[in-house]
Amino acid sequence: MEKRTSPSALPLQGKVAIVTGSSRGMGAGLAFELARRGAKVAIVYSSPKSETLANDLVSKIASLDNGSEATMVKADLGQIDAGEKIVAETLAKFGDSIDILVNNASVEFDRPLLETTAEDYAAIFNVNVPGPLLMTKAVVPHLRAPGRIVNISSVGARCGFAQLALYSASKAALEGLTRGLAAELGDAGHTVNAVEPGPTESEMLDNIPKHIVEMQKQTTPVEHRVAKADDIAQVVGWLAEEQSRWISGQTISASGGYTML
Ligand SMILES: NC(=O)c1ccc[n+]([C@@H]2O[C@H](COP(=O)([O-])OP(=O)(O)OC[C@H]3O[C@@H](n4cnc5c(N)ncnc54)[C@H](OP(=O)(O)O)[C@@H]3O)[C@@H](O)[C@H]2O)c1
């Protein structure tokens, strides 16, 4: 039997994390939770309007005063060189290696099929699929074993919602990517998993048709409510830690039981 030590209050102390789309919404909650557990975190955002929010999060993390730290990186994940830029700026600030990557940034799309164009497909998929793929490709050469990669999917990947087919398809692709990369990167002890949130308080949720959100609340067994960012952050925080080492290639539904696949 292995001798067990008591869990540390700062289990991610000394770890370096990148969280994409962490200026606001769920990503901000995920980045804060990793920092609360001791990690140094790169906060990635793309729009000028998110700059103040990202800056506020860096200050909030500094005020934790627990050895964690944050830095801001502005990059558009729809651009092919975004991953390289994010990695270069993270390493310049935090040292030689990266331990945790959370591919959280994505764009939502809610429109009927007959109003959906090839340009919409390219715009949504570029951020939601090649975005995490190229981000991961840039991180892997610097990923210190055992690395942790967590892709934020959606219950939409496995449910059918009218007018959300394009968004859902991009998340199903991300889950396929998760399994393939888990198989490819496991030799070194790296794990790759996806987390599937149900409806979660954020600007993105404000754009989802109200009747869908109401239906989801009614059919969510746990407390019939939408999630707070922290509900998802606790799952991602655990996946980022050492004790999740035997979980890889999985899609974990963090949805209060909304999906039970
Ligand atoms: N909220 C929900 O109900 C829900 C449910 C299931 C799954 N999810 C998933 O959870 C994740 C977070 O969602 P959220 O609700 O927090 O979204 P959100 O409020 O819309 O925030 C999206 C984040 O992604 C960033 N982002 C968007 N496009 C980007 C790009 N091209 N390059 C870099 N960053 C970009 C945004 O930064 P800028 O504003 O600076 O661009 C922002 O920080 C997403 O993957 C989403 O699909 C959300």
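The values are calculated or read from the model by the stated rules, or taken from the named source; none is laboratory data. In this text the structure is predicted, and so the values were computed from the model without any measurement. Note that each Cβ is placed from the backbone with ideal geometry, even for glycine, and that neighbours are counted across all protein chains shown.
Results, tabulated for the structure shown:
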quantity	calculated
Test set (1) at pLDDT 95 or above; (2) away from the ligand (no atom under 13 Å from the Cβ); (3) more than 21 Å from Ala31 (Cβ to Cβ) - Ala138 fails condition number	(3)
Residue list for the range 147-163, filter: modelled with pLDDT under 95 and of a type in the set (A, V, I, L, M)	Ala162
Pick from the range 12-35, criterion within 12 Å of the ligand (Cβ to nearest atom) and outside any helix (DSSP H, G or I), ranking: surrounded by the fewest Cβ atoms within 10 Å (Cβ to Cβ)	Arg24
Filter result for Val58 (of a type in the set (Val, Ile, Thr), crowded, with 16+ Cβ neighbours inside 10 Å and under 17 Å from the mean Cα position of the chain (by Cα))	no
Residues of the range 36-50 that turn out to be within 14 Å of the ligand (Cβ to nearest atom) and either farther than 18 Å from Ala105 by Cβ or touching a strand residue (DSSP E or B) at 6+ places or on another chain (Cβ under 7 Å) (or both), as a count	6
The range 221-236, subset within 8 Å of the ligand (Cβ to nearest atom) and not in a helix (DSSP H, G or I), residue farthest from Val150 (Cα to Cα)	Val226
Lone qualifier among Glu242, Glu214 - being at negative phi and in contact with a strand residue (DSSP E or B) (Cβ under 8 Å, 6 or more places away or on another chain)	Glu242
Candidates Ala188, Ala157 - the one that is among the small types (Gly, Ala, Ser) and either within 14 Å of the ligand (Cβ to nearest atom) or touching a residue at least 60 places away in the same chain (Cβ under 8 Å) (or both)	Ala157
Single match in Leu57, Leu91, Leu64 (criterion: part of a helix (DSSP H, G or I), touching a residue at least 24 places away in the same chain (Cβ under 8 Å), of a type outside the set (Gly, Ala, Ser) and away from the ligand (no atom under 14 Å from the Cβ))	Leu91
Residue match in the range 107-125 (condition: buried (at least 22 other Cβ atoms within 10 Å of the Cβ) and within 16 Å of the ligand (Cβ to nearest atom))	no
Odd one out for Gln163, checked against (1) more than 12 Å from the ligand (Cβ to nearest atom); (2) surrounded by 21 or more Cβ atoms within 10 Å (Cβ to Cβ); (3) not β-branched (Val, Ile, Thr)	(2)
Which numbered condition Arg225 misses (of (1) under 24 Å from Arg37 (Cβ atoms); (2) of a type in the set (D, E, K, R); (3) surrounded by 13 or more Cβ atoms within 10 Å (Cβ to Cβ))	(1)
Odd one out for Ser97 among (1) away from the ligand (no atom under 15 Å from the Cβ); (2) crowded, with 21+ Cβ neighbours inside 10 Å	(2)
Selection count where residues are modelled with pLDDT under 95, out of contact with any Pro (no Cβ under 7 Å at 6 or more places or on another chain), part of a helix (DSSP H, G or I) and within 22 Å of Val127 (Cα to Cα), scope the range 166-220	3
Checking Asn193 against (1) free of Cβ contacts under 8 Å to residues at least 40 places away in the same chain; (2) in contact with a helix residue (DSSP H, G or I) (Cβ under 6 Å, 6 or more places away or on another chain); (3) closer than 24 Å to Ala39 by Cβ, the condition it does not meet	(1)
